[in-house]
Each structure stands twice: as C-alpha cells, then as structure tokens.
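Asks: Pasting a structure here, questions to come.
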Amino acid sequence: MDVGNGVIGIRRILFSFCGLLLGLSAATHASATAPLIPAPTEIATSTGAFSLPKNQCVKADGQPDYVIHLIRERLGVQRLYRSGTCKSFVLQFAEDDLEEEGYHLTIANDGIVIRASSHSGFFYAAQTLGQLVTRLDRGGAVLPLVRISDSPRFAWRGVMLDVSRHFFGKETVLRLLDEMARYKLNVLHLHLTDDPGWRIEIPGYPRLTEIGARGDRSNPGGGEPQFYTAEDIQEIVAYAAARHIMIVPEIDMPGHSAAAARAYPEFFDGNRTFNPANEESYEFISAVFTEVARLFPGPYIHFGGDEVRYENWASMPDVVALQEREGLEDKAAIEGYFGRRVTDIILSLGKSPMAWDEQVSAGADRRTLIQWWRKYQPEVRDQAVRSGYDVILSPADQVYFDYPQGPGEPGAPWEGNDNGPTSIAKILAWQPVPDSYTAEEAVRVRGVEAALWTEFIRTDDYLEFMAFPRLLAFSEVAWGPAGPRDLEQFNLRLAPHLTGLRERGINARRDETDAFRYMTH
Ligand code: TNX
C-alpha cells in the first residue's frame, strides 16, 4: 500500500486498513479531495463520500462547548448528545493514547471516529473535520472517505500582533483568534506597548492610558485613548482559551517605550528608554507586570528588550554611579543589569520571561525564552541555542508579514526585506531548524512565530490583506512535518480556503491584482 509515494509532507501510513476503505487512492489525490491546511502528517483517501445527515446521533461525551459548537456549525449536526441514549452513532470521540494535540480521524462508509488523548487533540480533529466538508446543505454534510493521523511539528505556533503602532480593538483580535484556531495556530503574542501607544490599563498608573494610550503612528499623541480594558483582556483570554490558544503579553522595555515615557517621564532617560538606575522604575515595572500576570493566565511575559537606544545613559549621573557600583563594563552590561532586574520580577510573579534576541548578548537569565528575529544574524540564534536558551524563531525575512507579498506591492520598507517579497513561496521554502543542529540543539527550537507589525497597517482590511493567506502558509511550516514543501500542491489546497476566507468577510489577498487597492507608496 504505497500511499505515501510521491507525496510531499506525508511521511508514512501507520495504520493497517481493516477493509473499511476499499479503493484506496494514492494520497496525491488528497489535494483534490481533502484540501487541508495545514496538511496532516499522514492521510489516505479512498473514493466515495460519506453523508452525515443532520438528524443523526453524535456521541460527544466530555467534549467542551466549543468542540460541540464546531460540530454543529461546520457539520450542520442538530442532534448531539454528550451522554448518548442512541443505539448507534455516526460520529464518535474516543480516548486514545496519542501525544498531546495529536489525533486520528477516520471517515468511513459507516461513520466517523475521532481518537485523541487530550481536549486539544479532539479540537484539532474537529477543525480538520470542518475543513473536509465538501457540501453542507439542508440534508447535512458530505465528507470524503479518509484516514488521517496527525500531530504538530512545533508546540509553539505563534502569531504576533502589534497593537501599539496602530490599535486594533477586541473584535479584530477575536476574529484573528477564530482564523488562527481554524489553521491550528496556538499562540497569540500581543505587542501591547511601544513608542506610539500604551494599550493596557494598569491600576495606580492612570496616565498610562490617559496619556500613553492616545495616538498612534499616523496621529502621534492625538485623539481619544485607545487601549484594552481589563474586561476586554479577560474576554480575549477566555475566547482564546476555548480555542486552545495561549496569549503572550509583551510590554516592551527598556527601549521602545516612548508612550510610557510621555505618561511618566520620571522613570526614563529624557527620551524613550527607561532609567535603569532609578529604583522607582522597577517599582513601576513591578506594578505593570503584577497586573499583566493577573490578567493573562499563560505562563509567559515578554519584556521586549529589542533595539535599545541607550545613548543617553552615558550622561546620566545616576546611571554612571550604578555602573561603577555594580562594576558594569559598558552600556550593554547596563542593559544586562536591567534585564536581570526585570526577569527577577517576572520570575517572582511565577511567570517565565521571554525577550527578543538582543537579550542574548545582554546576558539574559537562561530561563528567558528567546525570540530570534534578526535573520541577518543567524549566529545569535545559534549562540542562544548552544548556550542553553530555548528559542522561538521569527526571522524577519520569512515571517514578518508587514513586508510586501509580491513585487511592487505595498508593505514596510525596512531593511531586512531582502531576497524578494515575503511571498507564499518564500514562507513555504523556510526550513526553521538548520540541518547542522544536533538533536539536543533542535529541541531547543520550541516553535515559530509570524509577526504582524503595524507601522504601516491602519485598517482591518489592510491587516487582513497582509495576514491572509500568508498565515495559512505559515501554519503549514508550524504544524506540518519538516522537509520540502510543494508550492503548486499547496496552491491547489489553498483555493477553497481563499473562497472560505472571503465568505467569512476576511479580505484575503487572492493575487497580485488585489494589491493595487493598497498601493500607498
Ligand atoms: C523590527 S522585531 C522591530 C519592530 C518593527 C519591525 C518592523 C523587533 C524586535 N523590532 O519594532 O516593528 O522590525 O518590521
């Protein structure tokens, strides 16, 4: 049974077929009959289809509300029992000894069986099932006959959204979470603060939102404050949790902090960088992280630590005194001191620190999860891995979705956008873990994260245009197995997803002709 033959990303078929699926076709046909994104680890299809009538018994004992909702909505099932009184079931959830997030899904002539060991496994199986529906009408759902065995390559499949440069409200975040869940992405990193705006309320520091939250990159300091209330955050966190998505809050420091500096200049250097010698700076930071830790139940707090402009420190008497007292050699060492104070605060709150890769040379605590972004400095990634940090990979060239998608298309004009636009082809070609890594080094790579920086993105429409369908290609890298990926085969699978995104009101880019609507420079 050579179903894996010639199929990109499909490793091997583990299952022995029990005669249920006769007429097994080569899995290459899966692109036509099962346009799944991300592609599952293993899939075997057979000819024929299964109809799931609306009025049938579905046994879903123990499944949480959201999985029930998925099954109802995407499969049109009306009668659904958490503890069944029916004699037979057309869809069943069964416990199995699989790895966390993994699942087996069988659609045969006599019904559907989902096997998993955890809620997330059942959840991802339900997402896959939703993607398999070829027709949903008054009679119910029609699905292809398949056997799928699937589990993610990376535990961390992230998306970063910058809500400081331009603010995106709760509704936008919830819509993004829905799409992330559909494509099996499981971390939303919110870049909550930066120079243009501070976007979270902190008790005891009202000026952060009264002053720091005003304005954005298009309208510096102006307009009404734009930020998430504590209730907004609680709603976002709960919505994400139902979809197996963790929220990682980022409060960027000691640089990229002009918004906080406008509100509380006494903790800063006269410009946009914290004063590392002022004990009150750490009291402030402690209050901020205490509230962040309260609102975000996830284990991580990201403290930024990127692109620190510390020129002013040299002329500040208290910083010079600190440097002498602590025996700090240079400004990088002062940055390291600041980082250690901050990681101590985060650790004391029972959270794990996370930071951009500049913190490797600043000597961050080894418990800091490092996010590598400077793709022109692969040695920083390697140094991090070899010196015992866990890393998340976000190389600007492959996964910064503020960069253009095609030649001449709109996008951020920053350096880093080398080797052509950040196209689907470029994303699919990305092999996150270098071949040279040993097995121990490779496990340090906890995952990957795409970044939606918003200096030039002001509207939901444009945000969606930049994010979709690139996030779908990204999910192929984040979830799917290692190895070469076939662009043509991906594009075949992508076509119905583009239609679906558009039907859901998402302004996904279809081709280069769409880009002209957004020509801004
Ligand atoms: C670099 S990535 C930045 C961001 C910008 C982004 C634009 C990082 C840690 N810093 O502040 O928004 O490039 O592409």
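Asks: Which residues, counting only those in region 96-114, are of a type in the set (A, V, I, L, M, F, W, C) and over 17 Å from Gln56 (Cβ atoms)?
Replies: Passing the criteria: Leu98, Leu105.
Asks: Does at least one position in region 494-510 carry a residue that is of a type in the set (A, V, I, L, M) and farther than 19 Å from Gln131 by Cα?
Replies: no
Asks: Just for helices (runs of 4 or more DSSP H) wholly inside region 335-403: which have at least 2 residues that are of a type outside the set (S, T, N, Q), more than 16 Å from the ligand (Cβ to nearest atom) and open to solvent by 40 Å² or more (accessible area, probe 1.4 Å)?
Replies: Fully inside region 335-403 and qualifying: 378-386.
Asks: Condition first: crowded, with 22+ Cβ neighbours inside 10 Å, touching a Gly at 6+ places or on another chain (Cβ under 8 Å) and either modelled with pLDDT under 90 or part of a helix (DSSP H, G or I) (or both). Can you find one or more residues in region 94-110 that meet it?
Replies: No: zero hits.
Asks: Six or more apart or on different chains, Cβ atoms under 8 Å: show the pairs whose first residue is in region 176-194 and in contact (Cβ under 8 Å) with a residue 24 or more places away in the chain and within 16 Å of the ligand (Cβ to nearest atom) and whose second is open to solvent by less than 10 Å² (accessible area, probe 1.4 Å) and hydroxyl-bearing (Ser, Thr, Tyr).
Replies: As it stands, the answer is His191/Ser164; Leu192/Ser164; Leu192/Tyr228; Thr193/Ser164; Thr193/Ser257; Asp194/Ser164; Asp194/Ser257, since those pairs meet every condition given.
Asks: Out of all the residues in region 186-194, is one or more open to solvent by 20 Å² or more (accessible area, probe 1.4 Å) and of a type outside the set (A, V, I, L, M)?
Replies: Scanning region 186-194, I find no residue that is open to solvent by 20 Å² or more (accessible area, probe 1.4 Å) and of a type outside the set (A, V, I, L, M), so the answer is no.
Asks: If I ask for residues that are under 21 Å from Phe289 (Cα atoms) and open to solvent by 20 Å² or more (accessible area, probe 1.4 Å), which ones from region 242-257 would you list?
Replies: Within region 242-257, Met246, His256 qualify.
Asks: Further, regarding this structure: Do we have Leu463 as in a helix (DSSP H, G or I) and touching a helix residue (DSSP H, G or I) at 6+ places or on another chain (Cβ under 6 Å) here?
Replies: no
Asks: Would you mind stating whether Leu428 is aliphatic (A, V, I, L, M), within 16 Å of the ligand (Cβ to nearest atom) and within 22 Å of Pro38 (Cα to Cα)?
Replies: Considered against the rule, which asks whether it is aliphatic (A, V, I, L, M), within 16 Å of the ligand (Cβ to nearest atom) and within 22 Å of Pro38 (Cα to Cα), Leu428 comes out as no.
Asks: Here is a further query. Pairs, please: C-beta under 6 Å, at least 6 apart or cross-chain, first residue without any contact (Cβ under 8 Å) to a residue 40 or more places away in the chain and in region 230-254, second among the charged types (D, E, K, R)?
Replies: none
Asks: For region 213-241, which residues satisfy the criterion of being among the hydrophobic types (A, V, I, L, M, F, W, C) and either touching a strand residue (DSSP E or B) at 6+ places or on another chain (Cβ under 8 Å) or crowded, with 18+ Cβ neighbours inside 10 Å (or both)?
Replies: Listed by number, the residues that qualify are Ala213, Phe227, Ile233, Ile236, Val237, Ala240.
Asks: Do we find a residue being among the β-branched types (Val, Ile, Thr), within 16 Å of Val159 (Cβ to Cβ) and either at pLDDT 95 or above or open to solvent by less than 30 Å² (accessible area, probe 1.4 Å) (or both) anywhere in region 435-442?
Replies: No, region 435-442 has no match at all.
The values are calculated or read from the model by the stated rules, or taken from the named source; none is laboratory data. Quick caveat: nothing in here was measured; it's all calculated off a predicted structure. Ideal geometry is used to build each Cβ from the backbone, glycine not excepted, and the neighbour counts take in all protein chains shown. What goes into the accessible areas is simple: the full protein's heavy atoms, side chains included, and nothing from ligands, DNA or RNA. Shrake-Rupley method; radii C 1.70, N 1.55, O 1.52, S 1.80 Å.
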